[in-house]
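Chemist: Before I ask anything, let me first share the structure, which is written out below as structure tokens.
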Amino acid sequence: MTTTPEPGGPGTATAVVAASHPRVDRVRQLVPVIVLVAMYAITVAIAPGYLEPPQIGSLLQLASILGIAAVGQTLVILIGGIDLSVGAVATLSNLVAAAILAGSDASLPVALLVVLAVGALVGLGNGLLIQYLKVPDLVATLASMTVVVGAGLLFTQGSPKGRSAPLLNALVTGRFLGVLTGGVLIWLAVSVVVILFLRRSAGGRYVYAVGLNREASRYAAVPVGRTVILLYVASGLMAALAGFLLTGYTGSAYLASGDSYQMQTIAAVILGGTSMFGGRGGYGGTIIGVLITVLLVSALRVVGIAQAGQDIAYGVILLGMLLLLTRMARRSA
Amino acid sequence: MDQVGTPGSPLIELRGVQKHFGGVQAVRNVDFMVPAGTITGLAGENGAGKSTLLKILAGLHQPDAGEVWYYGELQSGLTPASAKKAGIAYVAQELSLFEDLPVSENILIGQEPMRGPFVDRRRLLAEAQRVLDLVGSEIDPDMMVRDLAFADRQLVEIAKAMVGSPRVLVLDEPTSGLRQAEVARLIGLMKDLRQTGCSVVFITHRMGEFFEACDRMTILRDGTHIATVGIDEVTPGEVVDLMIGRQLTDAFPPPLQMEPDAPTGDALVLHDFSVHGTDVASVTVSLQRGEVLGIAGLAGNGQTELLEGLAGVRKAGGGYQVGSVAGPFRSVRAALKAGVALVPEDRKRHGLVLAMEVYRNLTLPVLRTLTRWGLVDRTREGGLVDDMIRTLQITPSDPRVAAESMSGGNQQKVVIGKTLLTEPDVYLLSDPTRGIDVKTKFEIYSLIRRLAASGKAVVLVSTDLAEITSLCSRVLVMASGRVVAELSGEQITEREITRASFAAVAA
Amino acid sequence: MRPVRTYLRREPSVPAAWAVLLVIVLIWLAGSSVSVLSVTIMIGQKVPLVLASIGAAIVIMSRGIDLSVGAVLTVVNTIIAAGTAAFGNSLAWIGVGLAVALVAGLVNGLCVAWLRLPPLIVTLAVQSILLGVALYVLPTPGGAVDAWLKDLPLVLVGPFPLMLLIVVAAPLLIWYPLRRSRFGTALLSSGADESAAYASGINVRRTVVSSYVLSALFAGLAGIVMSMNTGSGDPTIGVPFTMNTIAAAVVGGVSLAGGRGTIAGPIAGALVVSFIGNLLFSMGVNSYWQYVVTGAVLIVAIAIPAGLRAIRAGRQPS
């Protein structure tokens, strides 16, 4: 039996998932699209050049790398967690890839394998810490982020070496159909796999079930532990892949090149309507969130506001979106 | 109106109070009175409405109907805070102490004596010591609650209630963890309070305590007031009879004939089985196919934990054989594979993912068998889901409805449907009909009969004695994690079960 | 004597943290050359982390988390540096900086306690906003600081550096009275069990908001001290702080689940974390290892008690 009634109970938000409501879910899906359209309209108003296919292509190219990095973040947030190490892993991947490639096409497969292995390893570490040692996801990924940053610094001793291979550059930046780059096509392929996974596979069902109610999932024979760990591994892999593609895009390696992805992937996932508490949303939303983010960055750059403005804008929009979605979900509960 | 505190006039009066939760009527039209200078015992089985009644009395629940009177004045807008201020001190069954704060701060939380902006430590300790002495505790008020045993924590909770010199002390199972000497001391405190014109109301499951401490007893059954008697007007046996009564409303389907080709033999054998992290231990029993085994006893004595240990939800140890497979099982999946499935006690938190659609809930445990090349075969799934909805008559029949929008009875049907789809040999049902309408209850009983007749084995944990006595061919009574009685055949009566449950607790 | 004994009994992690610190310091001393001046400066450099960790610990005790600590520090630091460089009068800019910190803390607290948004995302968003502000105010490291402020770390009070006194005085002057007031009990009870605290008459909302405001205030103070130490501003200076303050709190025995902790613990924890750098340097190890070691320390500090608890419990991992 329930006990004390709580008139407007106070305090921190816990992981109790708000009641689902068809209206809320539609809001959750619709609002990001509306924001995207508005964002695009504003961007075009500021800089008409963004209506042109080449510009759209550039935007998509930027979006593709962020989008791949955001795959992992989407999965992890869906299960009720978070991954703060995404940016650091992308950076490390960039540093290692450039060093191994050293401008030579022959090293491409090796570089890719090593980079993916590192990402998977970090993800595995995160997963094990979170699942078996019960380290809160925030702290675990924060700690692994720090370790990875340190690893990157140690590896390069402060000065990144190496260059991307021509084949990779061509793959990532080469244009198909005049508009789409190789990077975008890769993103497309990845998106299809992820969306298929989440919507149609048993594993995808497990992800949503665990995100909504971990205990009940356990009682229903869902392999909770394995699912959590695999998702963090996936996040590490995707972050590493993003860093690899980033190498092809920029042509070389820079310290902290991927660090901004930490904030951007979280922003993209939330802007896309996925719930911070888990169990609701999906990668389709993240794709929209990614596009909004990329448009935002471009628009700010055009207007002349540099990094500072971007950071402020992220924070404000993030808070605003969070407020909107959380309040709507709570009100219709 | 009667004067406040005049001997014989009630300090508290409840008139015609009613309270329901969801679809269940917990308290039906009860009149309850607490005269000044008395100790009243409140008795009844699990689910009789005792705790709810006391919570209404102490302002924690608002009754749907009826009135609450304090000292001859009708109360409106009663809250726990205003009840406390009026001198009604309530101690809940569940302890709510802060482990990482010392005893003294726990006792006076929210009302610490101040000296300027700071807490007056000296007065804090002194007052804490005063109430601790009152309840006869020798705990050092500087100790952290974390380091206290359960019995000591209970005493701290009672001491907390004594702050501010209450006029009515309301205790919900205050003695469950206490030893003899401490119980005696507490009863002494109650009698001291009585001397000063204050009153005590308390719930316990130990008959002996009622007869030692109380002047009068009120017995509830099924949310209804059955009787209020002076303690010397009644015997313990009569109290038990009043508590049990006769259930007139529930009908039970008759047992079915075993199907001719139904399998027989042992379904499940336990030897010295224990569940880690609980006090369930030394359970030895064998379960036959076609049998419905009941597990009774006062709630919270390990019945749920036993089933969870059998189903792979909790780690367990000891001898555990299911057919040719040896347990204990390290995961729910392993248990399902061996043919053991659990319908959990808490259907909202453990039985279902409420925010998820019915069809997803139904097929969650068996998804592995419904996939083709990693993707879910929606056609096959749809077929199974529709079949189950039809078979169990789940309403609404749209599988895309979210589970949380359904009634309790239908939610339970989804949980059962989910279990049926895993096709186990052994069904573990933990309080399956709690909070469910009568019609659905009957459907579930019929299902249990059918399962037994087809050679499945069913273990039924329930606090509804009518259920247990009507459906089960054998009953185990549990107390403190152990099996204290095994009843079969003629012995399975509500009286016997209640006797066995109470006898075990009288320590 | 009794209060001390009780105190030690209550929080075994605090003496443990201080013991670890002692060991580290001794090892370091063995391998380094010291002078009064170098020690004074060194202690001064550790003060920002100590102060920031106190604030972070307070929030963690309320079962929250504050990822914006480093950003508040940065914003205050850059405001002082940029403001002084452009208009002089560091004192005024200290005031402005603290005001900004207060607002940040209020935003955090209100979002978490009133709007019930998850602390992780809220403080992450605020962090982003503040870093943006810092970058806007001072795009590249530079700026200036009034002479009197710059010279404070060198001030000696008797034989002791002023900074050392601050580190020692902080718990006594700030935490002790807080703990001894109703706020202390309110904080720990709100963090342990929100609804039970509310039922006991605690104003949980106000307590939680206060914890975030205090955190921002301490981070602001840390930013001021940072300006003293460096004599300039740097928009990226606060980045490692967030992680380090959490590590400091954890090493100091504050539970991430809220409801328990002290201030003496995180102070020792902050000193431990900041000494890692000194230790590695004196051992001749590449200073980049600092990151790896700090991350590892945090993980170990959490994993050990959690692992022990998991082994002791009979329940299967979920």
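Chemist: Report which residues of the range B:350-398 become buried by 50 Å² or more of accessible surface when going from the isolated chain to the complete set of protein chains (1.4 Å probe; DNA, RNA and ligands ignored).
Modeler: B:His350, B:Val353, B:Ala355, B:Arg360, B:Leu364, B:Leu367, B:Arg368, B:Leu375, B:Val376, B:Arg378
Chemist: First check a/c for chain B, with a ≥ b ≥ c the square roots of the eigenvalues of its C-alpha gyration tensor; if it is under 1.5, answer rounded, and if not, answer prolate when a/b is larger than b/c or oblate otherwise.
Modeler: Numbers: a/c = 1.88, a/b = 1.79, b/c = 1.05.
Prolate shape, in that a/c is at least 1.5 and a/b is the bigger ratio.
Chemist: How large is ³J(HN,Hα) for each residue in the range B:400-417, as worked out from phi by the Karplus curve 6.51 cos²θ - 1.76 cosθ + 1.60 (θ = phi - 60°), to whole Hz, x for Gly and Pro?
Modeler: So the J values, rounded to whole Hz, are 8, 6, 6, 4, 5, 8, 8, 6, x, x, 5, 4, 5, 5, 5, 4, 5, x.
Chemist: Out of the range B:368-411, which trypsin sites (Lys or Arg not before Pro) are coil in DSSP terms and have no more than 16 other C-beta atoms within 10 Å? Don't skip to the answer; put the middle values down first.
Modeler: Working: sites: B:Arg368, B:Arg372, B:Arg378, B:Arg380, B:Arg390, B:Arg400; in loops: B:Arg400.
Answer in residue order: B:Arg400.
Chemist: Treating each Cα of the range A:120-160 as an identical point scatterer and ignoring solvent, apply the Debye formula and state log10 I(q)/I(0) at q = 0.22 Å⁻¹.
Modeler: These q points yield log10 I(q)/I(0) values of -0.67.
Chemist: Moving on to the next point. How high is the relative contact order of chain A, given as a whole-number percent (alpha carbon pairs under 8 Å, six or more residues apart)?
Modeler: Answer for chain A is 34 percent.
Chemist: Moving to a separate point now. May I ask you to rank B:His350, B:His271, B:His20 by accessible area, largest first, using a 1.4 Å probe over the protein chains only? Walk me through the numbers on the way to the answer.
Modeler: On the way: B:His350 40, B:His271 120, B:His20 80 Å².
Result, largest first: B:His271, B:His20, B:His350.
Chemist: Once Rh for the range B:75-228 is found with the Kirkwood sum over Cα pairs, what is the Stokes-Einstein diffusion coefficient at 20 °C and 1.002 mPa s, in µm²/s? Can you show the working numbers first?
Modeler: Working: Rh = 16.5 Å.
Answer from the Stokes-Einstein relation: 130 µm²/s.
Chemist: While we're on this one: What is the calculated FRET efficiency for A:Val179 to B:Arg368, with r their C-beta to C-beta distance and R₀ = 41 Å, to the nearest 0.05? Intermediate results must be reported in sequence, preceding the final value.
Modeler: Working: r = 42 Å, r/R0 = 1.03.
Between A:Val179 and B:Arg368 the formula returns 0.45.
Chemist: Please report, for the Cα atoms of the protein assembly as shown, the Rg to one decimal and the Dmax as a whole number; what are they, in angstrom?
Modeler: Expressed in Å, the Cα Rg and Dmax of the protein assembly as shown come to 32.7, 100.
Chemist: What's the magnitude of the charge dipole for the range B:10-244 around its Cα centre, counting Lys and Arg as +1 and Asp and Glu as -1 at the beta-carbon? Answer in Debye, nearest 20. Provide the component values of the computation, followed by the final result.
Modeler: Details: 23 positive and 32 negative charges, 111 e Å.
I would put it at about 540 debye.
Chemist: Skip the ligands, DNA and RNA, and give the accessible area per residue of chain C with a 1.4 Å probe, whole Å².
Modeler: On the way: 12410 Å² over 318 residues.
Each residue of chain C exposes 39 Å² on average to a 1.4 Å probe.
Chemist: Follow-up question, since we're still on this one. Which shape class, rounded, prolate or oblate, goes with chain C when its Cα gyration tensor gives a ≥ b ≥ c as root eigenvalues, a/c under 1.5 marks rounded, and past that a/b bigger than b/c marks prolate? Could the numbers behind the result be given before it?
Modeler: Numbers: a/c = 1.60, a/b = 1.18, b/c = 1.36.
Verdict is oblate for chain C.
Chemist: Counting only residues 5 or more places away or on other chains, whose amide H sits under 5 Å from the amide H of B:Val376 once H atoms are built in the peptide plane?
Modeler: Counting only residues 5 or more places away or on other chains, the set is A:Ser201, A:Ala202.
Chemist: I would also like to ask the following. Accessible area per residue of the range B:31-90 at 1.4 Å probe, in Å²? Mind dumping the intermediate values first?
Modeler: Working: 2070 Å² over 60 residues.
Spelled out: the 1.4 Å probe surface of the range B:31-90, per residue, equals 35 Å².
Chemist: Which of the residue pairs B:Lys337/B:Lys439; B:Lys50/B:Lys418; B:Lys348/B:Lys439; A:Lys134/C:Lys46; C:Lys46/C:Lys150 have a Cα-Cα distance greater than 23 Å in the structure shown?
Modeler: B:Lys337/B:Lys439; B:Lys50/B:Lys418; A:Lys134/C:Lys46
Chemist: What residues of the range A:135-173 lose no less than 20 Å² of accessible area with every protein chain in place versus their chain by itself (probe 1.4 Å, heavy atoms only)?
Modeler: Output list: A:Val135, A:Pro136, A:Leu138, A:Val139, A:Leu142, A:Ala143, A:Thr146, A:Val147, A:Gly150, A:Leu153, A:Leu154, A:Gln157.
Chemist: Ranked by accessible surface with a 1.4 Å probe, highest first, in what order do C:Ile263, C:Ile166 come? The partial results should precede the final answer.
Modeler: Values: C:Ile263 0, C:Ile166 55 Å².
Ranking C:Ile263, C:Ile166 by accessible area, largest first, yields C:Ile166, C:Ile263.
Chemist: Let me ask something additional. Remind me, relative contact order of chain B in percent, using alpha carbon pairs under 8 angstrom and six or more residues apart?
Modeler: On the way: 1004 pairs, mean separation 77.8, N = 507.
Averaging sequence separation for qualifying contacts and normalising by length gives 15 percent for chain B.
Chemist: Rounded to the nearest 100 Å², what is the buried accessible area between B and C, both sides summed, probe 1.4 Å?
Modeler: Chains B and C together bury roughly 2400 Å² of accessible area.
Chemist: Something else: When the Kirkwood radius is taken over all Cα pairs of the range B:378-507, what Stokes-Einstein diffusion coefficient follows at 10 °C and 1.306 mPa s, in µm²/s? The partial results should precede the final answer.
Modeler: Values: Rh = 16.5 Å.
D = 96 µm²/s.
Chemist: For the range B:174-293, compute Rh as the Kirkwood radius over C-alpha pairs and then the Stokes-Einstein diffusion coefficient at 4 °C and 1.567 mPa s; write the answer in µm²/s, rounded to an integer. Before the final figure, lay out the partial values.
Modeler: Values: Rh = 19.2 Å.
The calculation lands on 67 µm²/s.
Chemist: Once the convex hull of the C-alpha atoms of the range B:347-423 is built, how many Å³ does it hold per residue, rounded to a whole number?
Modeler: Values: hull volume 6.3 nm³, N = 77.
So the per-residue Cα hull volume is 82 Å³.
Chemist: With unit charges on the beta carbon (Lys/Arg positive, Asp/Glu negative), name the residue among C:Gly109, C:Ala306, A:Tyr254 whose Cα is farthest towards the positive pole of the charge dipole of the protein assembly as shown.
Modeler: Positive-end residue among those listed: A:Tyr254.
Chemist: Shifting gears a bit: With a 1.4 Å probe on protein heavy atoms only, work out how much accessible surface A and C bury together, total over both chains, in Å² to the nearest 100.
Modeler: On the way: alone 15810 and 15940 Å², together 27060 Å².
Approximately 4700 Å², summed over both chains.
Chemist: Rounded to the nearest whole Å², what accessible area per residue is found for the range B:347-423 with the 1.4 Å probe?
Modeler: Details: 3450 Å² over 77 residues.
Per-residue accessible area for the range B:347-423 comes out at 45 Å².
Chemist: In addition: In deg cm²/dmol and to the nearest 500, what is the mean residue ellipticity at 222 nm of the protein assembly as shown if only DSSP H runs of at least 4 residues count, each as -39500 (n - 2.57), divided by the residue total?
Modeler: On the way: 44 runs with 634 residues, N = 1158.
Result for the protein assembly as shown, helices only: -18000 deg cm²/dmol.
Chemist: Right, something else. Using only protein heavy atoms and a 1.4 Å probe, how much accessible area in total is buried between B and A, to the nearest 100 Å²? Walk me through the numbers on the way to the answer.
Modeler: On the way: alone 23130 and 15810 Å², together 36180 Å².
When B and A are taken together, about 2800 Å² of accessible area is lost.
Chemist: List the aspartates and glutamates whose Cα lies under 14 Å from the Cα of B:Lys55, skipping any in the same chain that are fewer than 8 positions away.
Modeler: The qualifying aspartates and glutamates are B:Glu13, B:Asp64, B:Glu67, B:Glu94, B:Asp172, B:Glu173.
Chemist: Please compute the Cα-Cα pair-distance distribution of the range B:1-140 with 10 Å bins starting at 0, giving whole percents from short to long.
Modeler: 10, 32, 30, 22, 6, 0
Chemist: Same structure again: How many percent of the accessible area of the protein assembly as shown is carbon or sulfur, using a 1.4 Å probe? Spell out each step's value before the answer.
Modeler: Working: 27900 of 45170 Å².
It is 62 percent, rounded to a whole number.
The values are calculated or read from the model by the stated rules, or taken from the named source; none is laboratory data. Computed from a predicted structure; not experimentally measured. Cβ sites come from the backbone with ideal geometry, for glycine too, and all protein chains shown count toward neighbours. Surface accessibility is based on the protein's heavy atoms, side chains included, excluding ligands, DNA and RNA. Shrake-Rupley method; radii C 1.70, N 1.55, O 1.52, S 1.80 Å.
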